[in-house]
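Notes follow once the structure below has been shown.
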Amino acid sequence: MRLFKLLVGCAAVVAMCSTALGSALADTFALVNINQQALFFNQINEGAQKAADAAGAKLVIFNANNVPSAQNDAIENYITQKVDGIILVAIDVNGVKPAITAAKAAGIPVIAIDAQIPDGDNVAFIGVDNTKAGEDIGKFYADYVKSEMGGTAKIGIVGALNSFIQNQRLDGFKKAVTDSGQAITFLDTVDGQNVQETALSASENLMTANPDMTTLYATGEPALLGAVSAVTSQGRTGDVKVFGWDLTKQAIQGIDDGWVVAVVQQDPAGEGKAAVEALAKLKKGEKVEPIINIPVTIVTKENVDQYRAMFK
């Protein structure tokens with residue numbers, strides 16, 4: 001009996017040691033995100049966390065709260081902490097490059113998601129071709145104006161001028177609309193700064209200054225939330241058609257009611273998941289593709305049902 005107890009005790013000690021050793025050897029990945037207000041960024045976090053749990057890795061998440069310099073500081077701190085890899089959702093794609101280069105010099109791979117880093121030292125980019133997707137929604141918009149509005153419209157823009165990728169979405173949209181040959185007049189572009197409350201005020205000002213506006217394009221989730229709220233509060237749902245990016249519960253209601261026409265839907269959870277999986281591969285010495293594209297879907301009344309469960 002004493003021998004049995006001794007063996008059980010030894011086994012328990014070995015198990016405890018193995019658990020502690022496994023914990024000590026677990027990879028640590030850092031995710032430097034833009035904010036935790038937008039559902040989009042929270043879904044990135046969720047996808048990354050699930051992938052980290054599946055890989056037995058530790059994930060730490062930093063919220064920059066829309067401050068570009070905070071992302072640089074966070075990366076420098078993670079370099080000091082010797083994390084095994086960094087995932088970055090960049091605000092200022094040029095300003096953050098020195099921090100990425102410093103991480104590379106320290107042997108820490110950086111994977112950019114959502115926003116590409118021009119000539120950056122990140123090992124890979126995971127996300128959407130924002131310019132092309134902007135063109136796609138622009139073509140959809142122009143076709144809608146042609147078929148449903150007699151080929152004539154006046155459009156206002158709610159953007160986030162501090163966001164490189166949202167500017168890409170705007171540029172692609174404008175190009176496609178201009179190339180369409182429809183009689184579409186661009187009115188003002190207002191800056192929602194990627195903050196819902198700011199986008200709401202900007203949208204209200206946009207509509208007040210342009211009472212003849214017939215359509216509106218929002219380049220991101222906070223912009224679309226602000227625009228939808230403004231159109232509703234000002235009683236313009238009957239004469240302003242809305243197009244934008246990133247579904248929300250409010251946008252789906254607008255689609256059901258017929259005044260939100262189309263929304264570009266990304267897969268943020270898929271981006272976060274793919275980024276963690278790529279870092280895990282790199283840690284094992286495997287290679288990853290330098291560009292991993294995540295497809296988008298233009299959501300309309302015809303296909304919105306498949307997205308309802310996300311917002312219940």
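A few notes on this one:
- The phi-based Karplus calculation (6.51 cos²θ - 1.76 cosθ + 1.60; θ = phi - 60°) puts the 3J(HN,Hα) values of region 103-108 at 5, 4, 4, 8, x, 10 Hz, whole numbers, x for Gly and Pro.
- Residue-by-residue Karplus 3J(HN,Hα) for region 76-82, coefficients 6.51, -1.76, 1.60, Hz, glycine and proline x: 4, 5, 5, 4, 4, 6, 6
- Counted over the chain, the DSSP beta bridges are approximately 10% antiparallel.
- Amide H partners (placed H, <5 Å) of Thr185, local residues excluded: Ala153, Lys154, Ile155
- Normalised by the number of residues in region 130-265, the mean separation of alpha-carbon contacts (under 8 Å, six or more apart) gives a relative contact order of 23 percent.
- Net charge of neighbours whose Cβ lies under 15 Å from the Cβ of Leu200, counting Lys and Arg as +1 and Asp and Glu as -1: -3
- Amide H within-cut-off set for Ile126, under 5 Å, with H built and near neighbours excluded: Ala112, Ile113, Asp114, Ile292
- Amide H contacts of Lys58: Asp27, Thr28, Phe29, each under 5 Å away and 5 or more positions distant or on a separate chain (H built 1.01 Å from N in the peptide plane; Pro and chain starts excluded).
- Each Lys or Arg adds one and each Asp or Glu subtracts one; over the other residues with Cβ under 12 Å from the Cβ of Lys175, this totals 0.
- CD proxy at 222 nm, helix term only [per DSSP H run n ≥ 4: -39500 (n - 2.57); per residue of the chain; nearest 500]: -15500 deg cm²/dmol
- For region 253-312, the direction-averaged projected area of the alpha-carbon convex hull comes to 5.1 nm².
- Whole-Hz Karplus values for region 124-135 come out as 7, 10, 10, x, 9, 7, 5, 5, 5, 5, x, 5 Hz, taken residue by residue from phi with 6.51 cos²θ - 1.76 cosθ + 1.60 and θ = phi - 60°; glycine and proline positions read x.
- Computed extension length for Glu148-Lys281: 43.0 nm, one decimal, from 0.36 nm per residue of separation with the Cα-Cα distance subtracted.
- Region 130-265 pair-distance distribution - Cα-Cα, 10 Å bins, rounded %: 14, 50, 34, 2
- Taking only the alpha carbons of the chain, we obtain Rg and Dmax values of 23.1, 92 Å in that order.
- Simple rule: put +1 on each Lys or Arg Cβ and -1 on each Asp or Glu Cβ in the chain, find the dipole, and look at Ala26, Ala223, Pro109; the Cα lying farthest toward the positive end is Ala26.
Any read-out appearing in this document is the output of simple, stated calculations on the displayed coordinates, not a laboratory observation. Predicted model only: the values in this text are computed from it and were never measured. Counting neighbours? That spans all protein chains shown, and the Cβs are built from the backbone with ideal geometry, glycine included.
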